[in-house]
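Working notes for the structure below.
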Amino acid sequence: MAILSSASSNGRNNRTSRNNSENPLTFKQRLSALRNLPAFFKLVWKTSPPMFIANIVLRVLKAALPVIMLYIGKLIIDEVIVLTQTAGPHELTTLWKLVAAEFGLAFLSDSLSRAVALLDSLLGDLFANQTSIELMEHAATLDLDQFEDSIFYDKLERARQQTIGRTILLSQVLGQVQDLITMAFLGAGLVAFNPWLILLLVIAVVPAFLGEAHFNEKSYSLVHGWTPERRELDYLRYIGASDETAKEVKIFGLSGFLTDRYRILSDKYYKANKELAVKRASWGSVFAAIGSAGYYSAYGFIIWQTVNGMLSVGTLTFLAGSFRQLRSLLEGVLTRFSSVSQGALFLSDLFDFFEIKPRIYTPQKPRPFPRPIKEGFVFENVGFKYLNSEKWANRHLSFTLHAGEKLALVGENGAGKTTLVKLLARLYDPSEGRILLDGYDLREYDLTELRQEIGVIFQDFVKFQMSASSNIAVGRIAEKENKNRIENSAHQSLADTVIEKLPGKYDQILGKRFAKGVELSGGEWQKVALGRAYMRDAQVLILDEPTAALDARAEYEVFQRFAELTHGKTAVLISHRFSTVRMADRILVLDNGELHEIGSHEELLANDGRYAELFRLQARGYQ
């Protein structure tokens, strides 16, 4: 429930974010958003050049068909009128040729439409897949503390939405080009007969366009500004109906609390959206009436010219059809402009995410990672605090972790133990001070090599909803096909005793998210996670509460093998159990993020300091 409390306490920040983004966007800003389209089409082109070219060619062909079909329709009507006014036998060859031509064009138009729709669909799917992959790849390069920042996470959430939501933008922009070409042909026909019809057409459509543009701006502001709340709604919906939270929701009677919170937030969003939707519908009716008045004024004028003999009936049909299609196309183009510019605005969310750069990176000329490590790690007055936090998570840390040494970290919750090991693995960089490895700053080494040589099993390890084999193989995913290594790692961590009982053995899906998945107990999951440490076979091993969910017998068996696992390796162990801590060569005691004392178990007991106090308190509980 801490997340809910945090979400509530951050309400002022969320409201501030929303208020800042509710300022209407100007027409100039919307035009500016179109600058995102070239980059967008570069992504689409990269997805599939042949499909992209084929789509363009087919749309250009289809754009020319409406005016040709209207003109053939004009010829057919004029021919029919001539034939009906002529006495005697009629020569119908020309008429049937015209009908056959119109039929052929109608068939061609339908075929082109289906082909374009198919290409749009396929290209859209490929684009969504490719963009999702690029988003995942880019996210993997970013820093851990960036993922722990709510503003960054809002950007990530909006970027995720664009990987799928923006695929329709492809059809919209290409459709816009296609309609503009069609309008050019139809407009040429109208101008040839009466240029004033074009002016009347523009007057009839522009008000509706301006109205749509205004309300699209409001819609974007609403969706963008409510991103934090919509994330919270998704979270509430998840924890209110999830197998992972069902036990605590039931036992603590949280259903009412969660649904009430969801109801309050969803009602606020509904009311804001309803107010906008009502205004949009009301003004839309007014603008539609103006458009209809303009159309029928032009239609009446064409009829008057025909009745007075200035135009033929066929020409009346051609002009009326051209004007009707032009009006529809112009409305579509102007309205779609709002949608396209709105889509381009949303594209900013995707491109903004790709613009985020990691602060932790490999130098241009990295130092090769030492194999083996000779001296170890030296912390020189290291301090770290999280983004947007004034409190130091760690500070004034100065100590040496010798090569091959087993160091235990002890301290109360929030003392900075996990932050320290994240600094060691360079998941974070120090805010002050530096960490040396064999005499050189950790930042001088290749980041990938560094992390390959450090194996970390956190207390809150990920329970991958994958096969048992894959759950162990993630320790060194390059060896995922090495069955012997996976089974040996499972044996060393005692995970084999769990896996052998599963129906599918190593191929069994773990977790209940997917069909036929099997859920494990906390201790069973922990044995599987420990298997990743054996799979890793790294020079430095970090275990963060590795036996927290194990019973006493299992814990004893694990630590009988712990010495084997860490033989010849540098190891850091975080534990609240002093029976585990005593196995370390030295013990570092943290208090409020700072080094309080360091030494062997016997030395710290002799010092009669913080460690001795905590040891006696725990020992008293077993008496």
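Each reported figure results from applying straightforward, stated rules to the coordinates on display, with no laboratory input. None of the values given here were measured: they were computed from a predicted structure. In this analysis, Cβ positions are derived from the backbone assuming ideal geometry, glycine residues included, and neighbour counts consider all displayed protein chains.
Protection proxy ranking for 532-538, 360-366, using the average of other Cβ atoms within 10 Å per residue and placing the highest first: 532-538, 360-366.
Between rounded, prolate and oblate, where does the stretch 316-421 land on the alpha carbon gyration tensor, with a ≥ b ≥ c its root eigenvalues, rounded for a/c under 1.5, else prolate if a/b exceeds b/c? In terms of gyration-tensor shape, prolate.
In whole Å, what is the distance between the alpha-carbon centres of the stretch 407-440 and the stretch 323-370? The stretch 407-440 and the stretch 323-370 have Cα centres separated by 38 Å.
Amide H contacts for Tyr440 (H built 1.01 Å from N in the peptide plane; partners 5 or more residues away or on another chain; cut-off under 5 Å): none found. For the stretch 464-528, the relative contact order works out to 39 percent when only alpha carbon pairs closer than 8 Å and six or more residues apart are counted. If you take the Cα centroid of the stretch 380-394 and the Cα centroid of the stretch 465-528, the two points sit 37 Å apart. Loop-located GluC sites (Glu not before Pro) in the stretch 41-140 (DSSP state other than H, G, I, E, B) with a sparse environment of at most 11 neighbouring Cβ atoms within 10 Å: Glu91.
Computed over neighbours whose Cβ is under 11 Å from that of Arg434, the net charge equals -4, Lys and Arg +1, Asp and Glu -1. Largest first and in whole Å, the equivalent-ellipsoid semi-axes of the stretch 261-375 read 61, 26, 8, each the square root of five times a Cα gyration tensor eigenvalue.
Checking the cross-link pairs Lys155/Lys357; Lys391/Lys417; Lys374/Lys406; Lys357/Lys512 against a 24 Å limit on the alpha carbon distance flags Lys357/Lys512 as lying beyond it.
Value of Rg to Rh for the stretch 464-528, rounded to two decimals, is 0.93; Kirkwood radius and Rg both from alpha-carbon coordinates. Both radii were evaluated on the Cα set of the stretch 90-158; the Rg over Rh quotient, with Rh as the Kirkwood radius, amounts to 1.54.
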